[in-house]
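Asker: One structure follows; several queries about it will come next.
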Amino acid sequence: MKFYIFASGSQGNATLIVDKSVKILIDLGISKKQLVNHLAELDLSFDDLDFILLTHEHSDHTKGLESVNNINIYGGRNTYMCPSYREIEPYRSFRFRQLSITPIALSHDARSPLGFIFKNENEKLVYITDTGFINEKNMQLAKNADYYIIESNH
């Protein structure tokens, strides 16, 4: 499993998770042009992305979504509205190819803020952003990960 942090902070957030053939973007708080430039540095294009996961609805995580279409976007309840948006529930894991993804509820002033735990057969990655604290349930789920990406500027 690999990850690439394209932007982090109040000016914008975007992180790419890559696991074999899976390419998932977490948040699109930068312009599509900026994203395309970052992807090109990895010899990838926007069309290589499988889907976008949203942590929450604040503009530093979503402002680039207005310029994308024809890609599925997943996030918490009432986080975003478009025809390709799919709601996911905290603690209800789902699989995409070989990758298990568990959304976790976070403490943030947003509608349904989520973090994510990614697992394949050998590795575990925890992604948490903009949370006030990490509760005991999430601490247990995050335990013994190979990678932790925690962005906090609050």
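The values are calculated or read from the model by the stated rules, or taken from the named source; none is laboratory data. Just so it is clear, the structure is predicted and the values come from calculations on it, not from any experiment. FYI the Cβ positions are ideal-geometry reconstructions off the backbone, even for glycines, and counts take in every protein chain you see. Ligands, DNA and RNA are excluded from the accessible area calculation, which covers all protein heavy atoms including side chains. Shrake-Rupley method; radii C 1.70, N 1.55, O 1.52, S 1.80 Å.
Asker: In whole Hz and in residue order, list the ³J(HN,Hα) couplings for the range 65-79 that follow from phi through the Karplus curve 6.51 cos²θ - 1.76 cosθ + 1.60, θ = phi - 60°; x for Gly and Pro.
Answerer: 5, 4, 9, 10, 8, 6, 9, 6, 10, 10, x, x, 4, 6, 7
Asker: Tell me, how many Å apart are the Cα centres for the range 50-72 and for the range 107-136?
Answerer: Rounded to whole Å, the Cα centres lie 17 Å apart.
Asker: Here is a follow-up. Under 5 Å between amide hydrogens, which residues at least 5 positions from HIS108 or on another chain qualify, with H placed 1.01 Å from N in the peptide plane?
Answerer: Under 5 Å from the amide H of HIS108 lie the amide H atoms of GLY132, each far enough along the sequence or on another chain.
Asker: Also, I was wondering about something else. Once phi is turned into θ = phi - 60°, what whole-Hz ³J(HN,Hα) does the Karplus curve with 6.51, -1.76 and 1.60 give for every residue of the range 23-32, x standing for Gly and Pro?
Answerer: Each residue of the range 23-32 in turn: 9, 10, 9, 9, 6, 9, x, 10, 6, 4 Hz.
Asker: Amide H to amide H, which residues 5 or more places from ALA7 or on other chains are under 5 Å from it, using H placed in the peptide plane?
Answerer: The answer is ALA14.
Asker: Convert each backbone phi in the range 107-117 into a coupling constant with the Karplus relation 6.51 cos²θ - 1.76 cosθ + 1.60 (shift: θ = phi - 60°), then list the ³J(HN,Hα) values in order as whole Hz, x for Gly and Pro.
Answerer: 9, 7, 7, 9, 5, 8, x, 10, x, 9, 10
Asker: Separate question: Ordering SER112, SER59 from largest to smallest accessible area (1.4 angstrom probe), what's the sequence?
Answerer: I get SER59, SER112, largest accessible area first.
Asker: I've got another one for you. Taking 7 Å along the Cα-to-C-beta vector as the label spot, tell me the MET139-ILE5 distance in nanometres, rounded to one decimal.
Answerer: 2.3
Asker: Indicate, rounded to the nearest 5 percent, the antiparallel portion of the DSSP beta bridges found entirely in the range 73-154.
Answerer: Restricted to the range 73-154, the bridges split so that about 60 percent are antiparallel.
Asker: How about the range 1-77: which trypsin sites (Lys or Arg not before Pro) there lie in a loop by DSSP and see at most 14 other Cβ atoms within 10 Å?
Answerer: LYS20, ARG77
Asker: What's the tally of Lys pairs in the range 7-132 whose alpha-carbon atoms lie under 20 angstrom apart, where the two lysines are 8 or more places apart or on different chains?
Answerer: Lysine pair count for the range 7-132: 8.
Asker: Which value, in debye to the nearest 20, describes the size of the charge dipole of the range 18-154 about its Cα centre when Lys and Arg Cβ atoms bear +1, Asp and Glu Cβ atoms bear -1, and nothing else is charged?
Answerer: 380
Asker: Please go through the range 99-154 and write out the chymotrypsin sites (Phe, Trp or Tyr not before Pro) that DSSP classes as loop and that have at most 14 other C-beta atoms within 10 Å.
Answerer: Counting only loop positions with at most 14 other Cβ atoms within 10 Å, the chymotrypsin sites (Phe, Trp or Tyr not before Pro) in the range 99-154 are PHE133.
Asker: For the range 50-123, which whole-number percentage of the solvent-accessible area (1.4 Å probe, protein heavy atoms only) is attributable to carbon and sulfur atoms?
Answerer: Its accessible area is 41 percent carbon and sulfur atoms.
Asker: Same structure, new question: In the range 1-23, which residues have a backbone nitrogen under 20 Å from the label point lying 7 Å from ASP146's Cα in the Cα-to-Cβ direction?
Answerer: Backbone N within reach: 1-6, 15-23.
Asker: Helix-derived [θ] at 222 nm for the chain: sum -39500 (n - 2.57) over DSSP H runs of at least 4, divide by residue count, nearest 500?
Answerer: Rounded to the nearest 500, the figure is -3500 deg cm²/dmol.
Asker: Along the Cα-to-Cβ line of PHE46, 7 Å from the Cα, sits a label point; which residues in the range 72-105 have backbone N less than 18 Å from it?
Answerer: 72-74, 81-85
Asker: Could you do me a favour and compute the accessible area per residue for the chain, 1.4 Å probe, result in Å²?
Answerer: Each residue of the chain exposes 51 Å² on average to a 1.4 Å probe.
Asker: Ordering GLU151, GLU121 from largest to smallest accessible area (1.4 angstrom probe), what's the sequence?
Answerer: Largest to smallest exposure gives the sequence GLU121, GLU151.
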